[in-house]
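The values are calculated or read from the model by the stated rules, or taken from the named source; none is laboratory data. Remember, predicted model here, so these are calculated numbers, not experimental data. Backbone-built Cβ (ideal geometry, glycine too); neighbour counts: all protein chains shown. Ligands, DNA and RNA are stripped out before the accessible areas are found, and what is left, the full protein with its side chains, is counted by its heavy atoms. Shrake-Rupley method; radii C 1.70, N 1.55, O 1.52, S 1.80 Å.
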Amino acid sequence: MYNPVGHQVLADVNGDGNRDILEVSADGPSDLNTSLAVHHGDGTGRFAAPRRHPIGWAAPASETVGTDVDADGDTDVVILGGRDEQVLVFLNDGSGDLRPPGRYLPRSGYPACGLAVTDVDEDGSVDLLTRSRDSGPLLLLRGDGTGAFMPLVEMATADPGWCPGQLLADFDGDGHLDQVTSGVKVRTGDGSGQLPELRGLHRGWPMIAELDGDARPDLVVVDFDEPATYVYLNRLS
């Protein structure tokens, strides 16, 4: 069976307390046969045959997230990928089945990469934050609370080159989410959805961890250009 996997995550889609496998894969030699496959788990390590939801992309997924975007208590699925770097939002119908997806960013002009699904502007609704792959802006889709998203908002300029996932945490202790980019730069949020740049640290692959017991997020950065790892303890707040 032809089944190259683009991205795979675990989430409880049907609400039975058991984790299910979500994978974006091609059903045949044509990439246009790409689908989201949901394998429901029974809690014993066994998974049912997949239920497939057509996507029709000409490239694999780069990010898949299972989360509740419409505040109805069940798990929806958000996928970023395809040659046009679209965002697809599959809403759960409440029974564990997924409705046909809403499609976003099809004509943004900026191939997108990296995805965060969180309330960026603190209005109580889930938003989608991604960024341009080619040194363009950060891209924000504000959620309206129903699982739909408003027109694209271009924000601060993203870093050039490698495109990480969107790493968000409250670094300065003000109660608002901040962002770490691949610079490594920290952009401090003010709760409005804006993320102005604060400072550059080191160019590399960032990871968030609490390292020194002070309950504040710290950074571990794997260098892009040399065999080195850097630790930045949080002194921003």
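Within region 140-183, count every residue that is modelled with pLDDT of 80 or more, of a type in the set (Val, Ile, Thr) and either crowded, with 22+ Cβ neighbours inside 10 Å or assigned to a loop (DSSP other than H, G, I, E, B) (or both).
Final tally of qualifying residues: 1.
For region 118-128, name all the residues that are surrounded by fewer than 24 Cβ atoms within 10 Å (Cβ to Cβ) and either part of a strand (DSSP E or B) or in contact (Cβ under 8 Å) with a residue 60 or more places away in the chain (or both).
Thr118, Asp121, Glu122, Asp127 - these are the residues of region 118-128 that are surrounded by fewer than 24 Cβ atoms within 10 Å (Cβ to Cβ) and either part of a strand (DSSP E or B) or in contact (Cβ under 8 Å) with a residue 60 or more places away in the chain (or both).
Which residues, taken from region 81-120, are among the charged types (D, E, K, R) and either under 16 Å from the mean Cα position of the chain (by Cα) or at pLDDT below 85 (or both)? Can you show your working first?
In the first step, residues of region 81-120 are kept if they are among the charged types (D, E, K, R); the result is 83-85, 93, 97, 99, 103, 107, 119.
Answer for region 81-120, where residues must be among the charged types (D, E, K, R) and either under 16 Å from the mean Cα position of the chain (by Cα) or at pLDDT below 85 (or both): Arg83, Asp84, Glu85, Arg103, Arg107, Asp119.
Among the residues of region 51-75 satisfying the criterion of being among the charged types (D, E, K, R) and either open to solvent by 40 Å² or more (accessible area, probe 1.4 Å) or closer than 18 Å to Ala37 by Cβ (or both), which is modelled with the lowest pLDDT? I'd like the intermediate steps shown before the answer.
Quick first cut of region 51-75, residues among the charged types (D, E, K, R) only: 51-52, 63, 68, 70, 72, 74.
Now restrict to residues that are either open to solvent by 40 Å² or more (accessible area, probe 1.4 Å) or closer than 18 Å to Ala37 by Cβ (or both): 51-52, 63, 68, 72.
Details: Arg51: 92, Arg52: 91, Glu63: 82, Asp68: 94, Asp72: 94.
Selected residue: Glu63.
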